[in-house]
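Enquirer: The structure that follows is given in the form of structure tokens.
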Amino acid sequence: METMRDVATRQRLLREAAHQFARLGYDAASLRKIADRVGIRAATVYSHFPQGKAQLYEEILATVSSLLTERIARRYGQNTGLAAEDVIVQMCAAFWDFCQEHPDYATLLLRETFDADNSAQMGERGPAREVVAVCIGYVDAAQKRSELPAFDLEAFSLWVASYMLSYHGAPGLKSNLQRRPWSPQRAREQFVAMVRNLLQGTAMASD
């Protein structure tokens, strides 16, 4: 039976492993370094995760999957009573908040896109695809009901995902491009405003 101390150690291992995987990638991340940063011996990791690094990675991805599915797919994949434009904006804002709260997860998702064919997240049945399918399905239906103007949905989706994952998951990019760092509030407001402008057809118009 797990004690509170065991649970706390397990959570610290997952947080530190997410940080190492995000910064170094799966292959380069060291189980020994993860253990050192948590303050335990490397052998002790196996008492919490018998399959070692592979199990740590799988559990982190499972956490990402659960959070994304719960926050976006399940919440907005049904009738919310809001105008279509507001639903899409809130979907994008929820994804933004997720990335802002969990920048290491954003970096992991960014890394996963480099090998989408072999990614449990990005594969045909992956949870990331589920979230994308819900969002795209909603926009398609709203456009057919004439609740949204016609625009290039693929370009819009690519911009939203690329902007969010790059901003939160590749911090070196924004630090090199921004003359003055934005506050988290300003960054979110800028993103939400751009999403709404795109939905109103001011850019990415369809053919």
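Enquirer: With +1 on the Cβ of every Lys and Arg and -1 on the Cβ of every Asp and Glu, and nothing else charged, how large is the dipole of the chain about its Cα centre, in debye rounded to the nearest 20?
Expert: Values: 24 positive and 24 negative charges, 179 e Å.
It comes to approximately 860 debye.
Enquirer: Per residue, how much accessible surface does the chain expose to a 1.4 Å probe? Answer in Å², no decimals.
Expert: Working: 12010 Å² over 207 residues.
I get 58 Å² per residue for this part.
Enquirer: Okay, next question. Among 141, 44, 151, which residue has its Cα positioned farthest towards the positive end of the charge dipole of the chain, with +1 placed on the Cβ of Lys and Arg, -1 on the Cβ of Asp and Glu, and the dipole taken about the Cα centre?
Expert: 44
Enquirer: Quick one: how many Å² of residue 33 are accessible to a 1.4 Å probe, rounded to 10?
Expert: So the heavy atoms of residue 33 present about 100 Å² to solvent.
Enquirer: Could you pull out every one of the lysines with an alpha carbon less than 16 Å from that of residue 33, ignoring same-chain neighbours closer than 8 positions?
Expert: By straight Cα distance, residue 33 reaches 53.
Enquirer: HN-Hα J couplings of the stretch 191-199 from phi, Karplus 6.51/-1.76/1.60, θ = phi - 60°, integer Hz, Gly and Pro as x?
Expert: 5, 4, 5, 5, 4, 5, 4, 5, 5
Enquirer: Given a 1.4 Å probe and every protein chain left where it sits, what share in percent of the accessible area of the chain is carbon and sulfur?
Expert: Reported share for carbon and sulfur atoms: 51 percent.
Enquirer: Okay, helix-only estimate at 222 nm for the chain: each DSSP H run of n ≥ 4 adds -39500 (n - 2.57), divide by all residues, round to 500 deg cm²/dmol; what do you get? Present the calculation step by step, with values, prior to reporting the outcome.
Expert: Values: 10 runs with 138 residues, N = 207.
After summing the helix terms and dividing by residue count, I get -21500 deg cm²/dmol.
Enquirer: Could you please put 53, 144 in sequence from largest to smallest accessible area, using a 1.4 Å probe? Each step should come with its number before you reach the end.
Expert: Values: 53 45, 144 175 Å².
Of 53, 144, the descending order of accessible area is 144, 53.
Enquirer: Keeping all protein chains in place and using 1.4 angstrom, which order do 152, 104 fall into by accessible surface area, from largest down? Write down the numbers at each step before the final one.
Expert: Working: 152 65, 104 30 Å².
Ranked list, largest accessible area first: 152, 104.
Enquirer: Moving on to the next point. How big is Rg to Rh over the chain, alpha-carbon atoms, Rh as the Kirkwood inverse-mean-distance radius?
Expert: Details: Rg = 19.2 Å, Rh = 18.7 Å.
With Rg and the Kirkwood Rh in hand, the quotient comes to 1.03.
Enquirer: Let me ask something else. Going by amide H atoms built from the backbone, whose H comes under 5 Å of the H on residue 151, apart from near neighbours?
Expert: Answer set, sorted by chain and number: 206.
The values are calculated or read from the model by the stated rules, or taken from the named source; none is laboratory data. Everything quoted here is computed from the prediction, not taken from an experiment. All Cβ positions, glycine included, derive from the backbone under ideal geometry; neighbour counts span all protein chains shown. The area values use the complete protein model at the heavy-atom level, side chains included, leaving out ligands, DNA and RNA. Shrake-Rupley method; radii C 1.70, N 1.55, O 1.52, S 1.80 Å.
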